[in-house]
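Right, one structure below, let's go through it.
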Amino acid sequence: MALHLSDEALQDSAELSAAAPTKAQIRQAVRRQIAAELYDESAGDGTGTAIYTLSDPRDLRLIRYVGQTRAPKGRFRQHLNSARLWLPDALPWWVKSPKLRPLYQWIRDLYRDDGRLPTMIVREWQVSASQVRAAERARICECLAQGLPLLNYEAEILIRQLRLL
């Protein structure tokens, strides 16, 4: 038995298809926006490893994630690609590590809210590996002390450790 759609149903279907951007269109739009949402507020020269934060662009003080990378633009792109913004609304089941799902769900929620992307701010640059880890951890602790709702898995561990003190 064939399914026949009315002219009105066909028009509605065509409008929905036209309204829903494709994976390629979303990726292209994201590539264009990355430069506008990436800032380096450090006093460093860009050598070594960057300690960065991700925030809602409507309130940059509301830090949601702290990370480290040698290539901020590439890492930012990786975060956005991992969120798979082109997929329909769904929990990020494709993220292999369940502890990272809240971060990518947050990025997806931001994007669903008028196409917003998080803002990445490079806070500092460190040269040695021990300095990098210490600086990242210090930034996470600083954010926790301010009561910020971090999505870092490490934040949960640090909160448990602070409760023991």
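Computed from the coordinates by the stated procedures, all read-outs in this text should not be read as laboratory data. Please read all numbers here as calculations on a predicted model, not as lab measurements. Note: ideal-geometry Cβ built from the backbone for every residue, glycine included; neighbour counts use all protein chains shown.
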## Note on the structure
Using alpha-carbon positions, the gyration tensor of region 50-94 gives root eigenvalues a ≥ b ≥ c; with a/c under 1.5 called rounded, otherwise prolate if a/b exceeds b/c, else oblate, the class is oblate
#### Entry: Mean projected area (nm²) of the alpha-carbon convex hull when region 22-164 is viewed from all directions
9.1
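What are the trypsin sites (Lys or Arg not before Pro) within region 34-93 that DSSP puts in a loop, where the Cβ has at most 11 other Cβ atoms within 10 Å? Write out the running numbers ahead of the final one.
Working: sites: R58, R61, R64, R70, K73, R75, R77, R84; in loops: R58, R70, R84.
The qualifying sites are R58.
Can you work out the FRET efficiency for the pair A134 and D109, with r the C-beta to C-beta distance and R0 = 25 Å, to the nearest 0.05? Mind dumping the intermediate values first?
Details: r = 31 Å, r/R0 = 1.26.
E(calc), rounded to 0.05, equals 0.20.
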### Residue order, fewest to most beta carbons within 10 Å, for S82, S130
S130, S82
